[in-house]
Amino acid sequence: MPVSEKSTMMVNDISLPLDLRLKDLMTPNAHCLEIGSTLYDAVNKIHKLKKIESLVVVDKNKKPLGAISKNNILSALARGIDMSAKIDSFYNPHVWCVNENITMKELTKAIVTSPYGFGIVTNDAGEVTGILTKVDSIMAFYKKSEILLAQMNTLYNAMYNAIVVTNKSGRIVSINKSAESIFSCKSDEVDNLDITRIAPSLGAIITRVIETGEKTVAEKIVIGGNPYYANVACIIEHDAIIGTISVLQEIKDLESIAEELDSYKKLSKTLETVLNVAYDGIVVVDDRGVVGFVNEAFSNFINKNGQEIIGHHITEFLPDCKLHDVAVSGRSLRNIVSKYYDNNYVISCIPIFKNEKSVGAVGKISFRNLNEIKELAAKIELMSNKISYYKCELQMSKSFDSIITQNQWMKKTIELAKKAARTDSTIILYGESGTGKELFAQAIHANSSRCYGPFITVNCAAIPESLLESELFGYDDGAFTGARKQGKPGKFELAHKGTIFLDEIGDMPMLLQAKLLRVIQDKRYERLGGIKQKETDVRILAATNKNLSELVQAGSFREDLYYRINVIELNIPPLRKRDGDIPLLIAKFIDEYNKILNKRVIDISPEALLVLNEYDWPGNVRELKHTLERAMAFCNERYIEVTDLPELFARSGAGSRNNPASDKLHEKRNTAERELILSALKDSKWNKTKAAEKLGISRAWLHKKIKQYNL
């Protein structure tokens, strides 16, 4: 399991790296004494450090020379050496230096072969980073054995097969996790238990193996009503049997594997049959180009049976075939025309990948007459054109239907947009954020003569100024650092023969405005870093939530560009000025989110509708849609109530109800609503369906109100 950058293993609740190195085991922060220091300096330093037994002696460049221990100092003082004497003659140069990054294996070898009991640890620069004492050496061996034990335990418990270890008396020493599952008990619960107590049939085999010393393989036994294969062997130490180890394999697992293998064989046979009835020839080669499979169509084409082809190089039969090259390169080749004697054929070569490496290739070979292929391609192109035509017709008949409204201003704007769509003139859409400017742009495109072409959107405010030019006009190879080798087409290139929608055009930088103006005038442009002019045939639709004429006056928008794009002007009203549209939009969004959120909400309560109607909607239709999505997510009833709305609206509704003046108004509104419903019922002779239609509400909502007002 990855932990930071190293793999680790828990040993006695201590996390140890699996790639244990000397720096993980040494005593760090070795204390050094420079050559030329006195015995007094050494005594003073060791005394202050308390538990330190030795100091590392280094030269002027901090490179290790040896070590001076307490015993070295005491020996010198016992001989009457003065404390002011230098340590140069008393330190022990017989120490071994070792790099801190050596592995446990290298360290073990160094400890065994070194004649010295004290080691100085250095980094790659030769600087002292620690020391290795006898205790450290012992701990190194101990930790190594702990890691090995932990690895064995992990492997033991991770094995899929059940494992049971017993002593020579047949008593359980340990079982792994899989065995715990079979015996329905924990390992410590069966410790030292006679195996025959929980698995008599296995116990009998273990007894026999201990007595004879002969292992048993795949002997069938039953434990807990389930059949298993048992493999039992002796554990031998110093030529004596000290116990047994048993491995249990559930027979059902083997049967399942056998069934799965059989199903693969059937699938392989089915695929082979399918490939043999195919009209086209199929040939499979490995990464050396040697044939591994051919179908009957391919065999018939080259007039040889499959056994004569398989095992041979593909070029022995098709000299011009590039199938073996594709197997090596991993790059596909499609619709390559070639010749086999007097017969033409078309081949497509597709590489076979395994672990992201090409290991072979499949060739699909068509032997049909090339004229027949050209005729087929012409039919496909004709069909594609028909689909594009019908798609365009469908879009023209339905695209504006997605704009829901009964507001006269909005209806007038839609009619103007429909008329403008039939022209190829540039259109500017004005409106606040969230009013649906892009929806209008899509509808105009769908109802235009360019409906078969692409519709490309560019948000001029969302793209950084430094990238906007390359996004609009593309770039060539080497245009700037990090540019794609083959270059990249811009939005105008992608929109060729279609429509480009420049959203938030009021935020376009002045430098780009000049280039855009030239593209509109000349219908030509150059890629960034390119020298070749490209022609463009696009219709430009633009949108903004700003007043462009004011931007022109302020000098932040080019006047000539303004008049170029302001050919047809459409003003989309904000939601707060679209009287009567909020209930229609709410009904649409309820239906939409019922499908998305798997809800069964019928309608919105009058109280909640009143709250939404009284709100100013600065985010317009987009904000209303998000509000309804949130309300639908939290609504647990058939009707959206004020409490289901976001906190802003809920406070507004609650505040109105707690206000005495508002309560009085609420009471009057209920009275008026009761009389209106009663009048509609009487006029329709108590036909609830007709009354609901007359009131403009659902029949279910009318039932609720009839019950509420006891009508």
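Taking θ as phi - 60° and the Karplus parameters 6.51, -1.76 and 1.60, the scalar couplings of segment 171-178 work out to 8, 6, 9, 6, 9, 8, 4, 5 Hz in sequence order, x denoting glycine and proline.
Of the accessible area of segment 150-197, computed with a 1.4 Å probe over protein heavy atoms only, carbon and sulfur atoms account for 49 percent.
Loop-resident trypsin sites (Lys or Arg not before Pro) (DSSP state other than H, G, I, E or B) in segment 420-465 with no more than 13 further Cβ atoms inside 10 Å of their Cβ: ARG422.
In terms of distances greater than 27 angstrom between alpha carbons, the cross-link table entries LYS265/LYS364; LYS599/LYS625; LYS599/LYS705; LYS599/LYS682; LYS412/LYS491 yield LYS599/LYS682; LYS412/LYS491.
Applying 1/(1 + (r/R0)^6) with R0 = 51 Å to the Cβ-Cβ distance of GLU180 and LEU271 gives a FRET efficiency near 0.75. Close amide-amide hydrogen proximity is noted between THR129 and VAL121, THR122, ASN123, each under 5 Å apart and 5 or more residues distant or on a separate chain (H modeled in the peptide plane; Pro and chain starts excluded). As a rough guide to protection, the peptides 294-305, 88-99 ranked by mean Cβ packing within 10 Å, highest first, stand as 294-305, 88-99. Computed with a 1.4 Å probe over protein heavy atoms only, the accessible area of SER433 comes to about 50 Å².
Taking all protein chains as present, what is the carbon and sulfur share of the accessible area of segment 425-571, in % to the nearest whole number, probe 1.4 Å?
Numbers: 3200 of 6860 Å².
Ligands and nucleic acids excluded, carbon and sulfur give 47 percent.
Of the whole protein surface, SER449 contributes about 80 Å² of accessible area at a 1.4 Å probe radius.
Suppose R0 equals 60 Å; then what is the FRET efficiency for VAL165 and VAL328 from their Cβ-Cβ distance, rounded to the nearest 0.05?
Details: r = 51 Å, r/R0 = 0.86.
That gives a FRET efficiency of 0.70.
Accessible area per residue for segment 569-622 is 49 Å², calculated with a 1.4 Å probe on protein heavy atoms, without ligands, DNA or RNA.
Taking all protein chains together, MET83, MET152, MET104 sort by accessible area into MET152, MET83, MET104, largest first [probe 1.4 Å].
You can think of it this way: the chain between GLU535 and GLU550 has 2.1 nm of extra reach, that is 0.36 nm per residue less the Cα-Cα gap. What is the P(r) of segment 515-569, as percent of Cα-Cα pairs per 5 Å bin from 0? Pairs per bin, as whole percents: 4, 16, 24, 21, 15, 12, 7, 1. The residues LEU472, LEU77, sorted by heavy-atom accessible surface at 1.4 Å with ligands and nucleic acids left out, run LEU77, LEU472 from largest to smallest. Here the accessible area is traced with a 1.4 Å probe on the protein chains. For segment 275-340, carbon and sulfur cover 48 percent of it. Note on LYS694: aspartates and glutamates with a C-alpha under 20 Å away, same-chain residues under 8 apart excluded, are ASP579, ASP581, ASP603, GLU673, GLU675, ASP683.
Within the assembled protein chains, the solvent-accessible surface assigned to LYS625 is about 70 Å², based on a 1.4 Å probe. Semi-axis lengths, largest first, of the ellipsoid equivalent to segment 483-544 are 20, 14, 12 Å, with √(5λ) applied to each eigenvalue of the Cα gyration tensor.
With the other protein chains left in place, how much accessible area per residue, in square angstrom, belongs to segment 24-75 at a 1.4 angstrom probe?
Values: 2870 Å² over 52 residues.
Here the per-residue accessible area is 55 Å².
Sorting LEU597, LEU22 by solvent-accessible area of protein heavy atoms yields LEU597, LEU22, largest first, with a 1.4 Å probe. Could you run the Debye sum over the Cα atoms of segment 163-214, one equal point scatterer each and no solvent, and tell me log10 of I(q)/I(0) at q = 0.13, 0.18, 0.27 Å⁻¹, two decimals? One equal scatterer on each Cα of segment 163-214 leads to -0.27, -0.51, -1.05.
Tell me which GluC sites (Glu not before Pro) from segment 196-233 have a DSSP coil assignment and no more than 15 other beta carbons within 10 Å of their own.
Details: sites: GLU211, GLU214, GLU219; in loops: GLU214.
Answer by residue number: GLU214.
With the Cα gyration tensor of segment 423-502 giving a ≥ b ≥ c as the square roots of its eigenvalues, does the rule (a/c under 1.5 for rounded; else a/b larger than b/c for prolate; else oblate) give rounded, prolate or oblate? Could you put the intermediate results ahead of the total?
Working: a/c = 3.34, a/b = 1.65, b/c = 2.03.
Here segment 423-502 falls in the oblate category.
The values are calculated or read from the model by the stated rules, or taken from the named source; none is laboratory data. Computed from a predicted model, the values in this text were never measured in an experiment. Every residue, glycine as well, gets a Cβ built from its backbone with ideal geometry; the counts of neighbours run over all protein chains shown. When the accessible area is computed, the model is the full protein with side chains, heavy atoms only, and any ligands, DNA or RNA have been set aside. Shrake-Rupley method; radii C 1.70, N 1.55, O 1.52, S 1.80 Å.
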